[in-house]
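What follows is a single structure, written as structure tokens, with notes after it.
The values are calculated or read from the model by the stated rules, or taken from the named source; none is laboratory data. What you see is a predicted model; the values in this text were computed from it and never measured. FYI the Cβ positions are ideal-geometry reconstructions off the backbone, even for glycines, and counts take in every protein chain you see. Accessible surface is based on the protein model in full, side chains and every heavy atom, while ligands, DNA and RNA are left aside. Shrake-Rupley method; radii C 1.70, N 1.55, O 1.52, S 1.80 Å.
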Amino acid sequence: MTALASRRQGRRRPASRKQGTLATTELRSIEVDGRRLRVGIRRGRGTPLLICNGVGASLELLEPLTHALHGIETIVFDVPGVGGSERPLLPYTVWNLARLAARMLDVLGYSRVDVLGLSWGGALAQQFAHSFRKRCRRLILAATTPGVTMVPASLSVLSHLAHPRRYQNAAYLRRIAPELYGGQVRRDMQLIDRHSAYLRPPDLLGYLYQQLAFCAWSSLLWLPCIRQPTLVLAGRDDPLV
């Protein structure tokens, strides 16, 4: 079902505050189950693509990706406590976030989507595909894991990941980027400089909530139950995964 068709089949206009644009991405602030979320929609054709971002990352970081996916309708959002989405009072689980994402799609008027999960967002994507299987047509998992059952990275890499300093200090990020990200970043620091231009510091407690949610989550027991066609993307040089 195309996004245009879904709008014709009962898609309602949500009660939301329009918050301008990021390039051609429409930014909105919407209320979902009493919680204010910031979402970005780039209009296009075909089944919409819901993108779940990495830990601490606001939707600005996805702008180069959604721009490259020209012609595809994309939905991006800030999880609670990140970017423009308000932080909850208490920690949450990955299942809570999957339900919140489903309710967000209800408010926006989308019935079925493809889902792309990047790094930490891969956990949310897996949970969404498992818990709301009728709403997920296809799944893409990029540089991610089945949760706390993964083979852990080195302690030095995990220490860089544990603190959001890389979002706050460009010089620090430049120093640790080769060890943290690997790949072409080891050879071309201009890549991390372009990456830094889209970074926004997360709320410190919101960042902690994301880490706590991941530390209490694993998909290993039910991973074989995911029946959607799934594309798994992994780098040959990924120090974290």
> W217's amide H: which non-local residues (gap 5+, or another chain) put their own amide H closer than 5 Å, with H modeled 1.01 Å from N in plane and none for Pro or chain starts?
Replying inline: V148
> Given (i) 18.6, 52; (ii) 17.2, 52; (iii) 19.3, 65, which label gives Rg and Dmax of the Cα atoms in Å as computed from the coordinates?
Replying inline: (ii)
> Got a sec to turn the phi values of the stretch 227-235 into Karplus ³J(HN,Hα) couplings, 6.51 cos²θ - 1.76 cosθ + 1.60 with θ = phi - 60°, whole Hz, x for Gly and Pro?
Replying inline: 9, 5, x, 10, 9, 10, 10, 9, x
> Using the per-residue mean of other Cβ atoms lying within 10 Å as a proxy for protection, in what order, highest first, do the peptides 175-184, 219-228 fall?
Replying inline: 175-184, 219-228
>> Quick check for you: with a 1.4 Å probe and neighbouring chains kept, what is the accessible area per residue of the stretch 107-183, in Å²?
In response: 42 Å²
>> If amide hydrogens are placed 1.01 Å from N in the peptide plane, which non-local residues have theirs closer than 5 Å to the one on G46?
In response: A3, L4
> Per-residue HN-Hα couplings for the stretch 219-224, Karplus 6.51 cos²θ - 1.76 cosθ + 1.60 at θ = phi - 60°, whole Hz, x for Gly and Pro?
Replying inline: 9, 4, 5, 10, 4, x
> Given q = 0.13, 0.21, 0.25 Å⁻¹, what are the Debye log10 I(q)/I(0) values for the stretch 167-241, with equal point scatterers placed on the Cα positions and solvent ignored?
Replying inline: -0.62, -1.08, -1.14
>> Counting only helical runs of four or more DSSP H residues, what would the 222 nm mean residue ellipticity of the chain come to if each run contributes -39,500 (n - 2.57) and the total is spread over all its residues?
In response: -9500 deg cm²/dmol
>> Let me understand the stretch 37-123 better: what is its radius of gyration from the alpha carbons, and its Dmax, in angstrom?
In response: 12.4, 38
>> Using amide H atoms built in the peptide plane, which far-off residues or other-chain residues are under 5 Å from D203 H to H?
In response: G83
> Which value, in Å³ per residue, describes the convex hull spanned by the Cα atoms of the stretch 80-141?
Replying inline: 85 Å³
> How long are the semi-axes of the ellipsoid equivalent to the stretch 111-234, from square roots of 5 times the Cα gyration tensor eigenvalues, in whole Å, largest first?
Replying inline: 28, 16, 15
> Remind me, relative contact order of the chain in percent, using alpha carbon pairs under 8 angstrom and six or more residues apart?
Replying inline: 22 percent
>> Taking all protein chains in place and a 1.4 Å probe, what share, in percent, of the accessible surface of the chain do carbon and sulfur account for?
In response: 57 percent
